[in-house]
């Protein structure tokens, strides 16, 4: 802004090129050469970087639906075709997301779910997560169908 | 791990025994759900104390009992997430960007150690599952904690306990986790 004001006060011409939405998208997708960005004035660099971060966060959030589909496929493959699942974010930092995957299983009553089965489910969730969202870690919660508390 | 008779009043074996007693049928009728909630909570604490004991022993040897209070829940879970994310043999290289230096270092250490083995990865996730369920059990009045879930968690806590009482604590991948828990503290 100061360079624009200085140019106006001095009565000389000035070019101002702002980053428009297309520039921002191209930067986010890596289509803009890094050298060009590095040479840009700080205000534009900041804006490009902000947009990049915003898009990165959105992409990470969008990964949940893909992850859900992948986990359902994996559960189908190990013999749990109709297991209802819930996926949500437990914790998120710039480097890492912790995803909670809640899998509803038939109530074993007074018994315990087989260790082999629960291990297979957790492994399937873990593998799917590393494939779809490599920056995330999954924590699996196994629950019986909901009924009111006594 | 320390050998001999336990002198620790919070010995994880005592806490596990307490958790199991809460979910063992003693009579007819439907057991109170508060027992399942308290069992889930106790299972988590058994696992947490198991880990801090192993990590403290790794650092302080026979003086471990004086070191356990240095560890925090957050440190243990931050470390467990690092193992789950960067430890698996197929984990992608986080890259060498300046903001990925620490991740790349942990990833490289695991590569040198041959990667985190499946039983360590299972143990890390069991720890986090126990923590999620403890928070539900102790604070969430809207969700149900069933006896089946509590039994599953006690089973998980026993796995965690067995893992850290075994010779697996001498292996390179487990030592990376114990070191990370200390560094995160």
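The values are calculated or read from the model by the stated rules, or taken from the named source; none is laboratory data. The structure displayed is predicted, hence computed values, not measured ones. Methodologically, a virtual Cβ is constructed for each residue, glycine included, from the backbone with ideal geometry; neighbour enumeration extends over all protein chains shown.
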Next item on the list: Working only within segment B:120-142, note down all residues that are surrounded by fewer than 18 Cβ atoms within 10 Å (Cβ to Cβ) and either without any contact (Cβ under 8 Å) to a residue 24 or more places away in the chain or at the interface with chain A (Cβ under 10 Å from one of its Cβ atoms) (or both).
Entry: B:135, B:139, B:140, B:141, B:142
Check: When you go through (1) crowded, with 21+ Cβ neighbours inside 10 Å; (2) under 28 Å from residue B:138 (Cβ atoms); (3) within 14 Å of chain A (Cβ to nearest Cβ) one by one for residue B:50, which number turns out not to apply?
Finding: (3)
Margin query: Looking at (1) in a loop (DSSP other than H, G, I, E, B); (2) modelled with pLDDT of 90 or more, which one does residue A:75 not meet, given that it meets all the others?
Written below: (1)
Check: Given the structure, is residue A:23 away from chain B (no Cβ under 12 Å), buried (at least 17 other Cβ atoms within 10 Å of the Cβ) and modelled with pLDDT of 65 or more?
Finding: yes
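Any idea how many residues of segment A:91-150 are in a strand (DSSP E or B) and at the interface with another protein chain (Cβ under 7 Å from one of its Cβ atoms)? I'd like the intermediate steps shown before the answer.
Applying the first criterion (in a strand (DSSP E or B)) to segment A:91-150 yields A:91-92, A:97-104, A:136-143.
Narrowing further to those that are at the interface with another protein chain (Cβ under 7 Å from one of its Cβ atoms): A:98, A:100, A:137, A:139-143.
Number satisfying all stated conditions: 8.
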Item checked: Residue satisfying condition, being more than 12 Å from residue B:85 (Cα to Cα) and within 30 Å of the chain's Cα centre (by Cα), within set A:128, A:136 -> A:128
Check: In segment B:102-119, what count of residues is obtained for those that are part of a helix (DSSP H, G or I), loosely packed, with under 15 Cβ neighbours inside 10 Å and away from every other protein chain (no Cβ under 11 Å)?
Finding: 4
Check: Can you name the residue in segment B:76-96 that is within 11 Å of another protein chain (Cβ to nearest Cβ) and more than 20 Å from residue A:131 (Cα to Cα) and, of all such residues, is surrounded by the most Cβ atoms within 10 Å (Cβ to Cβ)?
Finding: B:77
